[in-house]
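Q: Questions regarding the structure given below will be posed in turn.
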Amino acid sequence: MKTYKINIAGVERELERFPISDTTDIAAFILFGDVEVTEKAAAELLKRCPEHDVIVTAEAKSIPLVYEMARIGCRHYVVARKRTKVYMKNPVSVTVNSITTNGDQKLYLGEGDMQYLKDKKVLLVDDVISTGNSIAALEKLVKTAGAHIVGKAAVLAEGDAKNRDDIIYLEPLPLLER
């Protein structure tokens, strides 16, 4: 098994490599189940992020991160869902195409979340920003709600995302040649 070594907020990890083309691999960063990295990354990101009222993320991999950030910070977070739920009145959706998901998918917020976000200072958070498509979809959804985006953050900036000046991140994650 090929791996890529990385230090995230003082914690060493080996990420398993997976092909995304004939010439390129990604190193898979999975927060699920890694409490140590989640806690340390959340604390370090909060030190770097602007003041905010609420954190918004997309379902699902970054949910533990935003929970921890909200727990020790602003105390509020909202999750854009990948499917509508029966309790979501008048859902609003945007379409997103992510590097780790085949094909287009949608993100949804119900009327209650949309009303809650109106006029709030929002921090958008993802585990990894690569193409930026997921964070752009969240941005569109949150702006539709009438919220004010004060920052965009991730644990890792993959590939060219490390060159963006509009995101806050802890470590770069290269796309790996095979």
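Q: Rounded, prolate or oblate, given the Cα gyration tensor of segment 1-147, with a/c below 1.5 counting as rounded?
A: Taking the square roots of the gyration eigenvalues as a ≥ b ≥ c, segment 1-147 is oblate.
Q: Sticking with this structure for a sec: Place +1 on the Cβ of every Lys and Arg and -1 on the Cβ of every Asp and Glu in segment 1-119, take the dipole about the Cα centre, and give the residue among His76, Gln115, Ile8 whose Cα lies farthest towards its positive end.
A: Gln115
Q: Would you mind classifying segment 120-171 by shape? Square roots of the alpha carbon gyration tensor eigenvalues, ordered a ≥ b ≥ c; an a/c under 1.5 is rounded, otherwise it is prolate if a/b is larger than b/c and oblate if not.
A: prolate
Q: Over the C-alpha atoms of segment 72-178, what are the Rg and the largest Cα-to-Cα span, Dmax, in Å?
A: Rg, Dmax (Cα atoms, Å): 14.6, 47.
Q: Given 0.36 nm per residue, what is the gain on full extension from His76 to Ser93 after removing their alpha carbon distance, in nm?
A: Separation in residues times 0.36 nm, less the Cα-Cα distance, equals 4.0 nm.
Q: While we're here: Can you tell me the length gained on complete extension of the stretch Arg178 to Val150, counting 0.36 nm per residue apart and subtracting the Cα distance?
A: Taking 0.36 nm per residue and subtracting the Cα distance, the gain is 6.3 nm.
Q: Also, I was wondering about something else. List the aspartates and glutamates whose Cα lies under 19 Å from the Cα of Lys2, skipping any in the same chain that are fewer than 8 positions away.
A: Within the straight-line limit of under 19 Å, Lys2 reaches these aspartates and glutamates: Glu12, Glu14, Glu16, Asp22, Asp25, Glu158, Glu177.
Q: Go through segment 27-37 residue by residue and turn each phi into a ³J(HN,Hα) via Karplus (6.51, -1.76, 1.60, θ = phi - 60°); whole Hz please, and just put x for glycine and proline.
A: These are the phi-based 3J(HN,Hα) values: 9, 6, 9, 10, 6, 3, x, 9, 5, 4, 5 Hz.
Q: Next up: Using the Cα centre of the chain as the reference point, and only Cβ charges (+1 on K/R, -1 on D/E), how large is the resulting charge dipole? Debye, rounded to the nearest 20.
A: 580
Q: Roughly what % of DSSP beta bridges within the chain run antiparallel, to the nearest 5?
A: Within the chain, antiparallel bridges account for around 45 percent of the total.
Q: Relative contact order for the chain: what is it in percent, counting Cα pairs under 8 Å that are at least 6 residues apart?
A: 22 percent.
Q: Could I ask something else about it? Would you work out the charge dipole size for segment 10-76 about its Cα centre, treating the Cβ of every Lys and Arg as +1 and the Cβ of every Asp and Glu as -1, and quote it to the nearest 20 debye?
A: 260
Q: A follow-up question, please. Which entries of Lys40/Lys85; Lys61/Lys118; Lys5/Lys40; Lys5/Lys162; Lys140/Lys162; Lys47/Lys85 show an alpha-carbon separation above 29 angstrom in the structure shown?
A: Beyond 29 Å: Lys40/Lys85; Lys47/Lys85.
Q: Still on this structure, I have one more. So who's got an amide H within less than 5 Å of the one on Ile168, skipping anything under 5 residues away but keeping other chains? H placed 1.01 Å off N, in plane.
A: HN-HN under 5 Å from Ile168: Lys152, Ala153, Ala154.
All of the numbers you see were taken from the coordinates with simple rules; none came from a lab. As the structure is a prediction and not an experimental result, all values here were calculated from the model. Heads up, the Cβs are rebuilt from the backbone with ideal geometry, glycines too, and the neighbour counts pull from every protein chain shown.
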